[in-house]
1. Filter the stretch 57-89 down to residues that are of a type in the set (D, E, K, R) and outside any strand (DSSP E or B) and give me whichever is nearest to the chain's Cα centre (by Cα).
2. Restrict the check to the stretch 121-131 and report whether at least one residue is in a loop (DSSP other than H, G, I, E, B) and exposed (fewer than 13 other Cβ atoms within 10 Å of the Cβ).
3. Go through the stretch 1-52 and count every residue that is at pLDDT 80 or above, outside any loop (DSSP other than H, G, I, E, B) and out of contact with any helix residue (DSSP H, G or I) (no Cβ under 9 Å at 6 or more places or on another chain).
4. Limited to the stretch 66-86, what total is found for residues that are small (Gly, Ala, Ser) and open to solvent by 60 Å² or more (accessible area, probe 1.4 Å)?
5. For the structure I just gave you, tell me whether residue 56 is open to solvent by less than 50 Å² (accessible area, probe 1.4 Å), closer than 25 Å to residue 146 by Cβ and not hydrophobic (A, V, I, L, M, F, W, C).
6. Out of (1) among the acidic types (Asp, Glu); (2) closer than 18 Å to residue 54 by Cα; (3) surrounded by fewer than 16 Cβ atoms within 10 Å (Cβ to Cβ), what's the single condition that is false for residue 112?
7. Taking into account only those residues within the stretch 130-154 that are farther than 15 Å from residue 69 by Cβ and modelled with pLDDT under 85, which is farthest from the chain's Cα centre (by Cα)?
8. Provide a single number: the residues in the stretch 132-154 that are in a helix (DSSP H, G or I) and in contact (Cβ under 8 Å) with a residue 12 or more places away in the chain.
Amino acid sequence: MFDNWRDVSCLGLTVSACEDPPVECDVCGLAMWRWPVPSTAWEEEIWSCLWCYAATQVGGEWFEISRPPYLPMEMRWERAVADGLAAGASHAFGIFDKTLCGIQELGMSPSDHWWLPERENACGACREAAGVIDDRWPQAMRGEDARVSVARRL
C-alpha cells in the first residue's frame, strides 16, 4: 500500500518510517510518521508526530480513525522495559522504541504501568523531555473532545 519508506535516523531514530502519503498532525500541524508495523487483517496503521507525540490510529475492524486525547504527563507515558536499561532508574517509553531521553535498546517496549515523573527514581532527562512535549500541546487541544475520532457506520 505505501512504498515510500525511508530511514529516519537523521531524526535521532534508527528505524524506518513511511512518509507517503503525508499525514498532518491535527494537534500541531507537522507531518506524522507511520510506525513500521506488520500488516494485519484490518490494515491498521499507527502514526506519530515527532514534535508533540500525538498519535493517530487508522484502520482496524471497524475502520476507525482514533485520536487519543491530551493527557497530562503523569498519565501519558508508560514505563519503558528492556534488558539493557539500568535497574535503578525509571524511563518513559516514547515512540519508535526509544525512551523520551533517547535510549534505544533491542526489544524495548512499554510496560503495563505508568511512568510517574514525580517519583524519585524517574529519569530526569525523561522528565524534562516530557515537560517540553507537554508544552507543545496548545491549550485548545487539551480538552477531552478536542481531538475527533471517527468510526465507519454500518
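The values are calculated or read from the model by the stated rules, or taken from the named source; none is laboratory data. Everything quoted here is computed from the prediction, not taken from an experiment. A quick note on method: Cβ atoms are made from the backbone with ideal geometry, for glycine too, and the neighbour counts reach across all protein chains shown. Remember, those area values only see protein heavy atoms, side chains included, never the ligands or the DNA or RNA. Shrake-Rupley method; radii C 1.70, N 1.55, O 1.52, S 1.80 Å.
1. Pass one, the stretch 57-89, residues of a type in the set (D, E, K, R): 61, 64, 67, 74, 76, 78-79, 83.
If we keep only those that are outside any strand (DSSP E or B) too, we end up with 61, 67, 74, 76, 83.
Numbers: 61: 21, 67: 11, 74: 15, 76: 10, 83: 21 Å.
The selected residue is 76.
2. There is at least one residue in the stretch 121-131 that is in a loop (DSSP other than H, G, I, E, B) and exposed (fewer than 13 other Cβ atoms within 10 Å of the Cβ).
3. Of the residues in the stretch 1-52, 10 are at pLDDT 80 or above, outside any loop (DSSP other than H, G, I, E, B) and out of contact with any helix residue (DSSP H, G or I) (no Cβ under 9 Å at 6 or more places or on another chain).
4. Going through the stretch 66-86 one residue at a time, the tally reaches 1.
5. Judged against the criteria, residue 56 is a match.
6. (2)
7. In this case the residue turns out to be 154.
8. To start, the set of residues in the stretch 132-154 that are in a helix (DSSP H, G or I) comprises 132-135, 139-141.
If we keep only those that are in contact (Cβ under 8 Å) with a residue 12 or more places away in the chain too, we end up with 133-134, 141.
Number of matching residues: 3.
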